[in-house]
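Reviewing the structure listed below.
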Amino acid sequence: MSAPIVVGVDGSASALTAVEWAAGEAARHRAPLKLVHAYLLPVRGYPEIVLTGHEVREAFEKQGRQWVDQAAAAAREVAPGVEVETSVVVDRPAAALIAASHGARLVVLGSRGLGGFSGLLVGSVAVAVTAHGESPVVVVRDDIRRDGAVVVGVDGSPTSEEAIAFAFAEASLLGAPLTAVIAWTDFLVDSAYHSRFTVDWSQVEDEQLRLLAERLAGWQEKYPDVSVDRVVVHDRPVRALIEAAGDARLLVVGSHGTGGFTGMLLGSTSQALIHHAPCPLAVVRPTTGEH
């Protein structure tokens, strides 16, 4: 059986949007869909006289089942032929999704949620799942776009190669053009000491274009149906990618890289993209199991 696409479900409108996006993705990949809701039992706030621990657990379980059933119905409406599995577990949401990522094709999260996924993009859940999940992770914005390019950030690192492979496959499945963006070097562009360096920007741009062409060549041969636009800019990667993805249907980046994308999931670049990417954001990890 094909690896499943896993979606975090919490009863929010944002989670339903993520489910709808994931259902379309599952149909294109002919993959099953697994809807996961995780909750933790409260340790206080329920007087024993009013509710027993068993009753509290039953209430949480019932609510979770209602939410995943609602999500399953939404998924079947978008993609009637997709196999849908639901799961309600007692666990921390990040831990449950990280566990579900093992063997998954994708993990998909809404841009903000309720209940167990509260504050998804401003708390630890999205960062934890993106950093430690074994599969690629997609954070879906509230507005699903049906057209536009797939945009991929390129920097020459192994994770960048994984992102390129993912982006080409998605662009081919979607019948969408691909925009490949390489940004260099934020220090020279933004530093107060910029003027001290003698930089031949045209030479740097030529070198970056050659690097970009080298990184894309094999993939363009594998996916001749994908139209590719190469973009080279000297700017901070986060600004370059957000601008390039303004009208995109998907933005793809590696989990961490070299050059402009160094420490993507550990510093300001990753935080900015998770918070401000204008379209669904896919973060792709290396296949070597590196974490």
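Structural remarks
- Kirkwood Rh in Å, taken over the stretch 48-103 so that all alpha-carbon pairs contribute: 13.3 Å
- Sum of side-chain charges, V88 neighbourhood, beta-carbon under 15 Å (Lys, Arg +1; Asp, Glu -1): -1
- If you take all other residues with their beta carbon under 13 Å from the beta carbon of L212, and give Lys and Arg +1 and Asp and Glu -1, the sum is -4.
- Amide hydrogen neighbours beyond the local backbone of E134, cut-off 5 Å, H modeled: S101, H102
- Probe 1.4 Å, all protein chains present, accessible-area order of F166, F60, largest first: F60, F166
- Local electrostatic count, D200, Cβ distance below 14 Å [Lys/Arg +1, Asp/Glu -1]: -3
The values are calculated or read from the model by the stated rules, or taken from the named source; none is laboratory data. None of these values were measured; they are calculated from a predicted model. FYI the Cβ positions are ideal-geometry reconstructions off the backbone, even for glycines, and counts take in every protein chain you see. To get the accessible areas, we keep the full protein, side chains included, count just its heavy atoms, and leave off ligands, DNA and RNA. Shrake-Rupley method; radii C 1.70, N 1.55, O 1.52, S 1.80 Å.
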